[in-house]
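To start, the structure itself, in structure tokens.
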Amino acid sequence: DRDVTGVQTCALPICFGVDGGFGMTTAFFASVLLHEAGHILLATAHHTPVKALGFSTRGVYLRREKAQGLAEILISAAGPTVNLAIACSLIYTEGRIGWLAQMNLALFVLNMLPVKGSDGQRILAVLRERSMLATVPARR
């Protein structure tokens, strides 16, 4: 479906038909797995143990130990950064690939929002913690 400007208006993979819908659902799922792979790669690089990768009714999740300071920010930002990179690399495409670009951009934005359990919330918590430490006067 397209609106009067020619922009794709259907956000669901089913709009691409059964075959196309299956393919786009698979591509979207691959984007989510690449998001999690970004976290795993950075966690491994910063020697932060990853405990589990799983699926629930809320989506895909990764359980890992909390890193300290900048490492936690980098690990938390790695997944959304993967989605942003995918979106940017596909942004000028149309049809199914254009839809995938839009979905990856949506994944980036939604994951960076500072809501409970999100990557954005983890990043904000570290920044808040660092800000509080900077304002505490040193004892003499």
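Numbers at a glance
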read-out	value
Residue check, I86 within 19 Å of T25 (Cα to Cα), open to solvent by 70 Å² or more (accessible area, probe 1.4 Å) and hydrophobic (A, V, I, L, M, F, W, C)	no
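Results for (1) among the hydrophobic types (A, V, I, L, M, F, W, C); (2) open to solvent by less than 60 Å² (accessible area, probe 1.4 Å); (3) touching a Cys at 6+ places or on another chain (Cβ under 9 Å), shown as yes or no for each residue.
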residue	(1), (2), (3)
W99	yes, yes, yes
F108	yes, yes, no
K116	no, no, no
G120	no, yes, no
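The values are calculated or read from the model by the stated rules, or taken from the named source; none is laboratory data. Model, not experiment: these values are computed from the prediction. Quick reminder, even Gly has a Cβ in these numbers, built from the backbone with ideal geometry, and neighbours come from all protein chains shown. SASA here: full protein model, heavy atoms, side chains in, ligands and nucleic acids out. Shrake-Rupley method; radii C 1.70, N 1.55, O 1.52, S 1.80 Å.
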